[in-house]
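Read through the structure below, which is laid out as structure tokens, and then see the notes.
A short reminder: the numbers here are calculations on the coordinates, not readings from a lab. Here the structure is a predicted model, which is why all the values come from computation and not from measurement. Every residue, glycine among them, receives a Cβ derived from its backbone with ideal geometry; neighbour counts consider all protein chains shown.
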Amino acid sequence: MGALSPPFISDITAHTARVFFTKTAGAWTDVETTNTKTGKAHYDAEDPAWRGTALVGDEGPLGDDPPLEPDTEYRVRYHCTGPGLDAWSEPVTFRTLSDLPPPQLPDIGPQPSAHNPYTGQPWTAAWGGLLLGEDSSVVLEEVAGLLDAPDVRTSDAELLQRDGLTPGIDYMGARTVTLTMLALDDHELPDLLAAFAPGGDEQPFTFAFPGVAGGRAMIRARVRKRAVTVDRDFHAGRRRVTVELLATDPRLYSADEATATVAVAAPREGRPIFPLSFPFDMGNGPAVRAAPDIDNAGSVATWPVVRLTPRSGEVRDPSLTLVHNGERKRFALRGLRVGRGDALVVDMGRRRITLNGASRFGQVDPGSTWFSIPPGASTVQLDVLEGPDGVTADVSWRSAWM
């Protein structure tokens with residue numbers, strides 16, 4: 001013993017292992033593998049196809065060599081016999097692998113990336129197709145201006161030769177929102193800078209911040225300023241990006257748009273009924289159909305959009321009436337006919353009326369009021385001068401906060 005180098009073990013599996021040993025010219029070599037727990041030994045001869053090795057646990061040519069047991073410690077040594085040589089090597093030990101399936105790795109979710117989808121999870125935001133906040137490589141350090149009051153445009157007038165002012169109506173100006181972000185992935189930094197490049201059109205900045213505008217809201221804004229600090233943190237991978245967004249509409253709108261369908265409740269008084277013809281058509285629908293509640297869950301009034309598309313017949317001179325706490329505001333069109341399949345769209349906020357995409361602003365009744373929906377529950381009533389039974393219109397709106 002001691003004349004031979006210890007064997008080297010490699011390619012260990014649950015049932016086999018390859019043993020490398022020092023080849024001695026003219027000598028016969030066999031390998032002894034012993035289960036250290038049971039003391040049972042097995043023998044393998046030198047691999048004829050690969051001199052200086054033996055594959056244990058693979059039924060070698062010297063006899064029965066069953067597969068090794070998984071997750072078990074073995075002691076292996078080799079024996080050389082030949083002219084003037086009869087020696088054993090020093091033994092070495094090894095452990096076979098387990099044949100149990102590997103443990104299931106926990107689902108850690110998607111890797112942080114600005115290209116992960118926005119799902120409205122708390123403390124996340126989205127802009128230009130990029131995710132900001134949790135599960136993103138872009139960390140939102142601070143969002144300033146969402147809850148600040150925008151600048152006020154006042155119409156107060158100075159009193160001539162007297163102290164004070166004549167009070168006018170105050171209007172809100174634009175809203176400025178400043179985002180301070182950390183970009184942690186240098187591969188996604190170019191995408192972030194491109195998304196926040198100044199000079200584009202207004203687009204949604206969608207966010208889910210608990211306690212702000214119902215928890216999930218949006219503004220429409222455009223980039224006015226962008227600043228990137230190049231310093232030691234930038235070199236270390238913490239790239240700070242500051243962006244200023246300007247929203248010409250200062251309201252914070254609910255991320256989810258609500259829609260309600262309103263119907264003509266009853267014929268307008270004075271509708272022509274002559275000449276009569278037999279048999280009389282008394283109609284199949286109910287005499288009165290109540291308008292559904294239109295609920296603005298926010299803190300300030302919001303502008304609705306109304307769409308009317310007759311499914312049959314022709315509608316003449318439609319009008320809309322907002323009812324809130326007993327107060328009525330009416331918006332009417334005159335000299336307007338909307339045929340079957342036509343699309344009439346009234347956008348109260350933009351003061352825009354289109355019929356199949358063409359403006360019909362000139363057909364607004366002079367006494368009309370462009371109404372907004374106050375906070376709380378309201379109703380919108382639909383009326384027409386002439387039209388078939390079952391005329392309806394869809395009212396869509398978003399709850400709004402300031």
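Between Ala87 and Asp58, the C-beta separation translates, for a Förster distance of 30 Å, into a calculated FRET efficiency of about 0.75.
Relative to the current alpha-carbon distance between Thr369 and Thr36, full extension at 0.36 nm per residue lengthens the span by 110.4 nm.
Computing Cα extents along the principal axes in Å directly from the structure and comparing it against (i) 92, 40, 39; (ii) 130, 76, 35; (iii) 84, 58, 39 singles out (ii).
GNM on the chain, alpha-carbon springs under 10 angstrom: the most fluctuating residue among Val264, Val56, Val139 is Val56. Helices in the chain, meaning DSSP H runs of at least 4 residues, each add -39500 (n - 2.57). Divided by all residues, the mean residue ellipticity at 222 nm is -500 deg cm²/dmol.
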